[in-house]
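Here the structure comes first, spelled out in structure tokens, and everything after it is commentary.
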Amino acid sequence: MPATPTHVPEPSRTDPALIRNFCIIAHIDHGKSTLADRMLQLTGVVEQRQMRAQYLDRMDIERERGITIKSQAVRLPWAPTEGEGQGKTHILNMIDTPGHVDFTYEVSRSLAACEGTVLLVDAAQGIEAQTLANLYLAMENDLAIVPVLNKIDLPAAQPEKFAEELANLVGCDPDDVLRVSAKTGLGVEALLDRVVREVPAPVGVADAPARAMIFDSVYDSYRGVVTYVRVIDGQLNKRERIRMMSTGATHELLEIGTNSPEMLPADGLGVGEVGYLITGVKDVRQSKVGDTITSLHKGATEPLGGYKDPKPMVFSGLYPLDGSDYPELRDALDKLQLNDAALVYEPETSAALGFGFRVGFLGLLHLDVIRERLEREFGLDLIATAPNVVYRVTMEDGTEHTVTNPSEFPEGKIADVHEPVVRATILAPSEFIGSIMELCQTRRGTLLGMDYLSEDRVEIRYTLPLAEIVFDFFDQLKSKTRGYASLDYEPTGEQASSLVKVDILLHGDKVDAFSAITHKDAAYAYGVRLVAKLRELIPRQAFEVPIQAAIGSRVIARETIRAIRKDVLAKCYGGDISRKRKLLEKQKEGKKRMKMVGSVEVPQEAFIAVLSSDEGGKSKK
Ligand SMILES: Nc1nc2c(ncn2[C@@H]2O[C@H](COP(=O)(O)OP(=O)(O)OP(=O)(O)O)[C@@H](O)[C@H]2O)c(=O)[nH]1
């Protein structure tokens, strides 16, 4: 080993031959968290009395919704009870991957930090779309795959049937599919033994310049950002200065260590090790998932591959219901962004809704989670406008516009409009093939292929515009398949489409908040539906109010609100002056809640009813 006097590599803290880095791939509810709990218990890292269900899911929302949003890593010492390596303590680093489609990039980085994966499938449910999508990712990363059926204690379990399905998928013998119950602990020891035996030990160059990959970073209000890394080559030591290779920013390593599962400081991390580090930065955007960390002194010159900037896919306007809460909303978003590199926002004003923000999200779950956190943790009442995707508009003169808000869709001579597309994987019992294809067809889908996983279960692949699935696609899919279908999708680029902007005009004035970008063929239906809805919601005025939907200057739908000044005194015969005054005051009160759009008074509720994604917003069909 060529050692120079200035840089003498210390031996790695753990012999890489004894390290196994793995993750668990599972569909929501197939029992990943429960299995992780059992592993923590069995390896003795969490004492029995401290054990609580879903130990690793720390966020309240995660716990309530039973979903895992942020990945965590935990170090488990395990001496195999039999077979190879028997009695010798190995270090198993279990990396918890987020399960949802919105977080595919984070999943891919977690997988890149591992050499193997436990493919966990509910023995009563079988393989689902998410399991499959993540399995493909694992295969692309050349990970060793340990197939496992969970919940075999359930009376409804069909281990024979699903072992066959799993075996077909990963190319092994059905007898090699492990059967466990994460609930009772049955088979979990054997699973840990299999991980030691089948997941390869990490290989890296111990005396090369340090290279560590960030697979997660989490903001902690006491300690600043906690960054989770996997060391690939060399080593990182306490107190040294490090460099983030994507930005060139340098920091001092204030603390480095492992999670067992609480943080345990160490002197350093060597080849193959997984742990955390703290540099004192206060914002996760300074510690980006996928980035490579190296030493400042004699650092690496080539970063590890696979780094990508998080890219918001879905945008929505968030407005406080009470306009005076705007500063609180801004502060809350600032705080959330510290922990969420994918969250982007900028101030936006709407004639209808006042001051708010246009916020970018990775997908719909991400949107839901952020909105729920704003409402719950920060006590804000919000209106979220219907989500839309990002369009790329090229004008005939060659200028390009990126449109994240329909009201910004450019006027003038447009050459083409591109929209993002995804590759969707749907898994369902084969009896639903017809209804699934019909749904995808109406959403402008292109069939890519179809495979039978077993006699009665089928995998259907489609290319679909993201805009067509961001709204209620999943709900529709569930209702058309009685809840049996599962869906996963990943962005695959963009396509040129015939898209137009539909504007809504009230008494000749355009109402920005109601503009929508739709496919040419859907524009008419959107226009008709919206003007009809507005006619119901807007009260009569002192003059006649036309409501029009238009593409450019071409009107495609129209309704009219007839003129009448609502005579609140109409039913008040006789001369009870105090009662009349009371009614007139009440009318005045009501008017305060009206917004003026041009010359038309529109009740706030009308905007909320039309715009809010909860109540059937613009892209709902
Ligand atoms: N009967 C039985 N139930 C189990 C078993 N493993 C998990 N469960 C139950 O299945 C449900 C889902 O388990 P979780 O561990 O939360 O599933 P998960 O995969 O972590 O879910 P996400 O975090 O949403 O991805 C819970 O109600 C568990 O108690 C098992 O082996 N047998």
Check: Where residues in region 325-343 are modelled with pLDDT under 90 and outside any loop (DSSP other than H, G, I, E, B), which of them is nearest to VAL284 (Cα to Cα)?
Finding: LEU338
Item checked: Unique residue being modelled with pLDDT of 95 or more and of a type in the set (A, V, I, L, M, F, W, C) when the list is VAL177, VAL205, VAL170 -> VAL177
Note to self: Between a residue in region 278-303 that is acidic (Asp, Glu) and any residue that is in a helix (DSSP H, G or I), which pairs come within a Cβ distance under 7 Å, given they are 6 or more apart or on different chains?
What the structure shows: ASP283/LEU338
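Counting just the residues of region 401-421 that are in contact with a Ser or Thr (Cβ under 6 Å, 6 or more places away or on another chain) and in contact (Cβ under 8 Å) with a residue 60 or more places away in the chain, which one comes out surrounded by the fewest Cβ atoms within 10 Å (Cβ to Cβ)? Talk me through it step by step, then tell me what you get.
Taking region 401-421 as the starting set, the residues that turn out to be in contact with a Ser or Thr (Cβ under 6 Å, 6 or more places away or on another chain) are 406-407, 415-416, 419, 421.
Then drop every residue that is not in contact (Cβ under 8 Å) with a residue 60 or more places away in the chain, which leaves 406-407, 416, 419, 421.
Working: PRO406: 22, SER407: 20, ASP416: 13, GLU419: 21, VAL421: 24.
Out of the qualifying residues, it is ASP416.
In this structure, does VAL188 turn out to be buried (at least 18 other Cβ atoms within 10 Å of the Cβ) and either of a type in the set (Gly, Ala, Ser) or away from the ligand (no atom under 16 Å from the Cβ) (or both)?
On the way: buried (at least 18 other Cβ atoms within 10 Å of the Cβ): yes; either of a type in the set (Gly, Ala, Ser) or away from the ligand (no atom under 16 Å from the Cβ) (or both): no.
In short, no.
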Check: Just one of the numbered conditions (1) more than 35 Å from the chain's Cα centre (by Cα); (2) not in a strand (DSSP E or B) is not true of ALA522; which one?
Finding: (1)
Notebook entry, point to check: How do the pairs read when you match residues in region 189-201 that are farther than 12 Å from ILE145 by Cα with residues anywhere that are assigned to a helix (DSSP H, G or I), using Cβ under 6 Å and keeping only pairs 6 or more apart or on different chains?
Noted result: ALA201/PRO16; ALA201/ALA17
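What strands (runs of 3 or more DSSP E) completely inside region 452-506 contain at least 2 residues that are small (Gly, Ala, Ser) and farther than 20 Å from GLY360 by Cα?
Numbers: elements: 457-465, 486-497, 499-506.
Result: 486-497.
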Notebook entry, point to check: How many residues does region 151-179 contain that are acidic (Asp, Glu) and surrounded by 18 or more Cβ atoms within 10 Å (Cβ to Cβ)?
Noted result: 1
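Is it true that SER486 is more than 21 Å from the chain's Cα centre (by Cα), surrounded by 14 or more Cβ atoms within 10 Å (Cβ to Cβ), under 30 Å from GLU165 (Cα atoms) and of a type in the set (S, T, N, Q)? Give the derivation first.
Numbers: more than 21 Å from the chain's Cα centre (by Cα): no; surrounded by 14 or more Cβ atoms within 10 Å (Cβ to Cβ): yes; under 30 Å from GLU165 (Cα atoms): yes; of a type in the set (S, T, N, Q): yes.
Taking the combined requirement at face value, the residue does not satisfy it.
When you go through GLY354, GLY398, GLY363 one by one, which is the residue that is buried (at least 21 other Cβ atoms within 10 Å of the Cβ) and either of a type in the set (A, V, I, L, M) or touching a strand residue (DSSP E or B) at 6+ places or on another chain (Cβ under 9 Å) (or both)?
Values: GLY354 fails: buried (at least 21 other Cβ atoms within 10 Å of the Cβ); GLY398 fails: buried (at least 21 other Cβ atoms within 10 Å of the Cβ).
Exactly one residue qualifies, and that residue is GLY363.
I'd like to verify a number: residues in region 163-178 that are outside any strand (DSSP E or B) and either within 31 Å of the chain's Cα centre (by Cα) or in contact (Cβ under 8 Å) with a residue 40 or more places away in the chain (or both), how many? Quick ask: steps written out before the conclusion?
If we filter region 163-178 for residues that are outside any strand (DSSP E or B), which is where we start, we get 163-177.
From the residues that got through so far, the ones that are either within 31 Å of the chain's Cα centre (by Cα) or in contact (Cβ under 8 Å) with a residue 40 or more places away in the chain (or both) too are 163-171, 177.
Within region 163-178, residues that are outside any strand (DSSP E or B) and either within 31 Å of the chain's Cα centre (by Cα) or in contact (Cβ under 8 Å) with a residue 40 or more places away in the chain (or both) number 10.
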Next item on the list: May I ask you to verify whether LEU277 is closer than 27 Å to ASP37 by Cβ and either outside any strand (DSSP E or B) or more than 27 Å from the chain's Cα centre (by Cα) (or both)?
Entry: no
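So that you can scan it fast, the table gives a plain yes or no per residue for (1) more than 16 Å from the ligand (Cβ to nearest atom); (2) modelled with pLDDT of 80 or more; (3) aromatic (Phe, Trp, Tyr); (4) touching a strand residue (DSSP E or B) at 6+ places or on another chain (Cβ under 8 Å):
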| position | (1), (2), (3), (4) |
| --- | --- |
| GLU10 | yes, no, no, yes |
| ASP15 | yes, yes, no, no |
| ILE19 | yes, yes, no, yes |
| ALA26 | no, yes, no, yes |
| GLY31 | no, yes, no, yes |
| ALA36 | no, yes, no, yes |
| MET39 | no, yes, no, yes |
| GLN48 | yes, no, no, no |
| ASP57 | no, no, no, no |
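How many residues are out of contact with any helix residue (DSSP H, G or I) (no Cβ under 8 Å at 6 or more places or on another chain), more than 10 Å from the ligand (Cβ to nearest atom) and in a loop (DSSP other than H, G, I, E, B) if we restrict to region 136-158? If you could, list the steps in order and put the result at the bottom.
Quick first cut of region 136-158, residues out of contact with any helix residue (DSSP H, G or I) (no Cβ under 8 Å at 6 or more places or on another chain) only: 136, 139-140, 142, 151, 153-158.
Those still in the list that are more than 10 Å from the ligand (Cβ to nearest atom) too: 136, 139-140, 142, 158.
Checking which are in a loop (DSSP other than H, G, I, E, B) leaves us with 142, 158.
Residues that pass the stated criteria total 2.
The values are calculated or read from the model by the stated rules, or taken from the named source; none is laboratory data. What you are looking at is a predicted structure, and each value in this text was computed from that prediction instead of being measured. Because the Cβ atoms are built from the backbone with ideal geometry, glycine has one as well, and the counts that use them run over all protein chains shown.
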